[in-house]
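Shown below is the structure under consideration.
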Amino acid sequence: MLLAGTAFAGGPHGTQPGWAIDDSGNILITDAVADRMAQSGAGWIRINFRMGPYTSDTAQFYSTYDTIVNRLRSRGLQVVGLMSNESWPAPGGQNDWIANNWEHVGGDGQNSFIINYGYAFARMAAHWQNSIKYWEVWNEPNAYTVDNG
């Protein structure tokens, strides 16, 4: 939680540090990295909430990202949360994203991956409702690997 009277690091510009955690769950946004981002003059940091080693949005997932969000916010940086295709793991491939869609199979659009992704986003947004005001949901929606027509 940001303390009242905390100065914000910079202006309206932002940056993205790349992965916030690696595939083993190690935090890549260290104090030194957060300091450099704050010193850059950026006011906003875009964080991709990727699962990495986690099979779901577990307590450990939240604890790891709480460390990152709190580290950035303590330096006056605003966080833009990115809920991407990497934010919900199971199973999470292109065939799962388009399953039962009208465009490819004439389906009714009911899709368990998208439903579970939406519920995960709701949990994440609720968890960080006092720390993250803005979210980007599913960047690069046209970045498919195969066009099946």
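Assuming R0 = 41 Å, what is the FRET efficiency of residue 13 and residue 122, from their Cβ-Cβ distance, to the nearest 0.05?
Once the sixth-power term is evaluated, E becomes 0.90.
For segment 41-105, what is the accessible area per residue in Å² when the probe is 1.4 Å?
Accessible area per residue: 41 Å².
Around residue 15, what is the net charge, scoring Lys/Arg as +1 and Asp/Glu as -1 over all other residues with Cβ under 12 Å from its Cβ?
Taking every Cβ under 12 Å from that of residue 15, the sum is +2.
Here's something else I'd like to know. So if we plug the beta-carbon distance of residue 40 and residue 84 into 1/(1 + (r/R0)^6) with R0 = 22 Å, what FRET efficiency do we get, rounded to 0.05?
Result of the calculation: an efficiency of 0.40.
The values are calculated or read from the model by the stated rules, or taken from the named source; none is laboratory data. Remember, predicted model here, so these are calculated numbers, not experimental data. Neighbour counts are summed over all protein chains in view; Cβ atoms, including those assigned to glycine, are modelled from backbone coordinates with ideal geometry. These accessible areas exclude ligands, DNA and RNA; they are computed on the full protein's heavy atoms, side chains included. Shrake-Rupley method; radii C 1.70, N 1.55, O 1.52, S 1.80 Å.
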